[in-house]
Amino acid sequence: MNLPLFDDADPEPVLPPGLCIIENWLGAAECSDLLREIDEQPWMHDLKRRVQHYGWKYDYTLRDLRADQYLGPIPGFLAPVVNRLAEVPAFGERAEQIIVNEYLPGQGIAAHIDRDTFGDVVASVSLGSEWPMEFSSRSGETIEVSMPVGALLLMTGPSRHEWTHHIRPRKSDTRAGRRVARERRVSLTFRTLGPQFSDLVGAQTSSDG
Ligand SMILES: O=C(O)CCC(=O)C(=O)O
């Protein structure tokens, strides 16, 4: 009898409920073009890591969106990715707020659940290099999810509203039993605004022509 050499060598990863990952959502050239455009924009230094905000400013002290700080329309270099995301059925809308995060080895992001200020689905794309993100449930279950370059991560349902997510500030990760040094990762997080902002969003859209 022939037995398989490998027993289910590459099983589907277990994901937190409601989390979806679309690998290769952006191709390699699209990722490097986007990263080049991002690096041509001014960075903000509100935190240890550098960030860029588009659409609406996020206030890290309030830990919420600043309704009085509209930054202007999403810039043209982000339009192709915003349009493509609007075609993804789970997201299905044009993102109104985008945060670009730059993580250097040793940097991370603290555990949080995105505020209900934002819409029901939060999406994120990874550029530069692959890092893991940890999701934790209220009952203490933790699942580490790897975010390959070009992959689209969609947080919906419990993974969006009930599980926290964070990135540990490490300089290396263990992958397949081997220590891998981290390299710069840049992410874009796309959000819509919750229903309490519908008047505001409508007003901005019309004044933008
Ligand atoms: O870096 C990421 O993929 C996620 C960033 C994030 O959680 C945030 O901006 O709130």
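The values are calculated or read from the model by the stated rules, or taken from the named source; none is laboratory data. Note that this is a predicted model, so its numbers are computed, not measured. Don't worry about glycine lacking a Cβ; one is built from the backbone with ideal geometry, like all the others, and counts go over all protein chains shown.
Suppose we filter Leu15, Leu62 for residues that are exposed (fewer than 15 other Cβ atoms within 10 Å of the Cβ), on the phi < 0 side of the Ramachandran plot and at pLDDT below 95; which single one remains?
On inspection, the qualifying residue turns out to be Leu62.
Being among the charged types (D, E, K, R) and under 17 Å from the mean Cα position of the chain (by Cα): is that true of Glu141 here?
no
With the condition kept exactly as written, say whether any residue in the stretch 147-161 is small (Gly, Ala, Ser), in contact with a Pro (Cβ under 8 Å, 6 or more places away or on another chain) and farther than 26 Å from Pro17 by Cβ.
Looking through the stretch 147-161, none of the residues is small (Gly, Ala, Ser), in contact with a Pro (Cβ under 8 Å, 6 or more places away or on another chain) and farther than 26 Å from Pro17 by Cβ.
Take Arg138 and decide whether it is within 11 Å of the ligand (Cβ to nearest atom), among the basic types (Lys, Arg) and touching a residue at least 12 places away in the same chain (Cβ under 8 Å).
No: the conditions fail for Arg138.
Counting only residues that are charged (D, E, K, R) and more than 10 Å from the ligand (Cβ to nearest atom), which one in the stretch 73-113 is surrounded by the fewest Cβ atoms within 10 Å (Cβ to Cβ)?
Result: Glu87.
Does Phe135 satisfy the condition of being part of a strand (DSSP E or B), aromatic (Phe, Trp, Tyr) and buried (at least 16 other Cβ atoms within 10 Å of the Cβ)?
yes
Could you tell me whether any residue of the stretch 162-171 is among the basic types (Lys, Arg), within 17 Å of the chain's Cα centre (by Cα) and closer than 24 Å to Glu12 by Cβ?
Yes, the conditions are met somewhere in the stretch 162-171.
Any residue at all in the stretch 186-201 that is more than 15 Å from the ligand (Cβ to nearest atom), touching a strand residue (DSSP E or B) at 6+ places or on another chain (Cβ under 8 Å), free of Cβ contacts under 8 Å to residues at least 24 places away in the same chain and more than 18 Å from Ser129 (Cβ to Cβ)?
Within the stretch 186-201, none of the residues are more than 15 Å from the ligand (Cβ to nearest atom), touching a strand residue (DSSP E or B) at 6+ places or on another chain (Cβ under 8 Å), free of Cβ contacts under 8 Å to residues at least 24 places away in the same chain and more than 18 Å from Ser129 (Cβ to Cβ).
Taking the stated definitions as given, is Ala123 part of a strand (DSSP E or B), surrounded by fewer than 18 Cβ atoms within 10 Å (Cβ to Cβ) and either under 16 Å from the mean Cα position of the chain (by Cα) or away from the ligand (no atom under 11 Å from the Cβ) (or both)?
Answer is no for this residue.
Return yes or no: is Ala67 in contact with a helix residue (DSSP H, G or I) (Cβ under 8 Å, 6 or more places away or on another chain) and within 16 Å of the ligand (Cβ to nearest atom)?
No.
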